[in-house]
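J.: The following block contains the structure, expressed as structure tokens.
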Amino acid sequence: MDITAYLSATLRALRQARGWSLTQTAEKTGVSKAMLGQIERNESSPTVATLWKIATGLNVPFSVFLEAGEQPERPVFDPQDSDMIVEPLFPHDEQLRFDLFSIKLAPGAISESSPHYSGVVEHVIVIDGQLDLQTQGNWQTLKAGEGLRFAGDKAHSYRNRGAEPVHFHSLIHYP
Ligand code: MN
């Protein structure tokens with residue numbers, strides 16, 4: 001099963017386990033019913049920001065949607081028309097309350113994140129390039145080797161003003 005097929009099947013399974021209709025899921029996630037239906041049928045893949053809304057509404061870690069299946073290599077979430085590519089550095093583990101992602105943001109790209117669920121703390125460490133990070137209305141610029149910890153349950157944005165992709169790691173701590 002490829003990553004988008006896995007994501008589709010996981011969304012449907014989590015929604016049905018809760019007994020939610022697509023309409024109820026749209027209300028809980030802030031993602032439209034039409035879009036949720038397309039994702040479940042694997043007709044379109046969500047952006048990173050949309051998948052975060054879905055994870056938050058379902059109250060599950062982001063990484064539950066990303067599994068490599070039978071392929072030996074790590075899954076890479078590289079949605080169509082998205083400037084943000086996410087690769088989990090470790091498989092999802094229910095016992096550990098964190099995810100660690102390797103993320104690449106394209107030149108000129110901005111990704112706006114709605115608040116993750118209450119108590120989520122993010123730690124961003126830049127590996128290569130320069131990242132602008134907006135938390136609670138303040139923009140800060142991080143260079144390679146610099147990091148920032150912030151409340152992931154408030155709206156925040158990632159931006160790359162450079163000419164090269166910026167590569168950073170994001171550690172998400174779940175309450
Ligand atoms: Mn975030």
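The values are calculated or read from the model by the stated rules, or taken from the named source; none is laboratory data. Since we're looking at a predicted model, the values are computed, not measured. Note: ideal-geometry Cβ built from the backbone for every residue, glycine included; neighbour counts use all protein chains shown. Protein only, heavy atoms only, side chains kept; ligands, DNA and RNA dropped before computing areas. Shrake-Rupley method; radii C 1.70, N 1.55, O 1.52, S 1.80 Å.
J.: Taking segment 152-175 only, how many residues are within 13 Å of residue 118 (Cα to Cα) and in contact with an Asp or Glu (Cβ under 8 Å, 6 or more places away or on another chain)?
T.: The number of residues fulfilling the criteria is 5.
J.: Could you tell me how many of the residues in segment 121-142 are over 14 Å from residue 104 (Cα atoms), open to solvent by 80 Å² or more (accessible area, probe 1.4 Å) and either within 15 Å of the ligand (Cβ to nearest atom) or not polar (S, T, N, Q) (or both)?
T.: Residues flagged as over 14 Å from residue 104 (Cα atoms), open to solvent by 80 Å² or more (accessible area, probe 1.4 Å) and either within 15 Å of the ligand (Cβ to nearest atom) or not polar (S, T, N, Q) (or both) within segment 121-142 amount to 2.
J.: So for segment 87-96 (the condition being within 16 Å of the ligand (Cβ to nearest atom) and either open to solvent by 60 Å² or more (accessible area, probe 1.4 Å) or at positive phi (or both)), does at least one residue qualify?
T.: No, segment 87-96 has no match at all.
J.: Could you say whether any residue in segment 102-109 is open to solvent by 70 Å² or more (accessible area, probe 1.4 Å), closer than 22 Å to residue 54 by Cα and at pLDDT 95 or above?
T.: Among the residues of segment 102-109, at least one is open to solvent by 70 Å² or more (accessible area, probe 1.4 Å), closer than 22 Å to residue 54 by Cα and at pLDDT 95 or above, which makes the answer yes.
J.: If I go through segment 1-46 residue by residue, how many of them are within 21 Å of residue 156 (Cβ to Cβ) and in contact (Cβ under 8 Å) with a residue 40 or more places away in the chain?
T.: Residues in segment 1-46 being within 21 Å of residue 156 (Cβ to Cβ) and in contact (Cβ under 8 Å) with a residue 40 or more places away in the chain: 1 in total.
J.: Among the residues in segment 157-167, are any within 11 Å of the ligand (Cβ to nearest atom), open to solvent by less than 80 Å² (accessible area, probe 1.4 Å) and not hydroxyl-bearing (Ser, Thr, Tyr)?
T.: no
J.: Of all the residues that make up segment 97-117, how many are away from the ligand (no atom under 14 Å from the Cβ) and over 19 Å from residue 77 (Cβ atoms)?
T.: Of the residues in segment 97-117, 3 are away from the ligand (no atom under 14 Å from the Cβ) and over 19 Å from residue 77 (Cβ atoms).
J.: While we're on this one: Could you check, for segment 66-79, whether at least one of its residues is closer than 20 Å to residue 159 by Cα, more than 15 Å from the ligand (Cβ to nearest atom) and not basic (Lys, Arg)?
T.: Yes.
J.: How many residues are open to solvent by 60 Å² or more (accessible area, probe 1.4 Å), more than 24 Å from residue 109 (Cβ to Cβ) and of a type outside the set (Lys, Arg) when one looks only at segment 24-42?
T.: So the count comes out to 4.
J.: Moving to a separate point now. Looking at segment 59-73, can you tell me whether even one residue there is of a type in the set (A, V, I, L, M), touching a Pro at 6+ places or on another chain (Cβ under 6 Å) and either open to solvent by 60 Å² or more (accessible area, probe 1.4 Å) or modelled with pLDDT under 95 (or both)?
T.: Within segment 59-73 (the criterion being of a type in the set (A, V, I, L, M), touching a Pro at 6+ places or on another chain (Cβ under 6 Å) and either open to solvent by 60 Å² or more (accessible area, probe 1.4 Å) or modelled with pLDDT under 95 (or both)), the answer is yes, since at least one residue qualifies.
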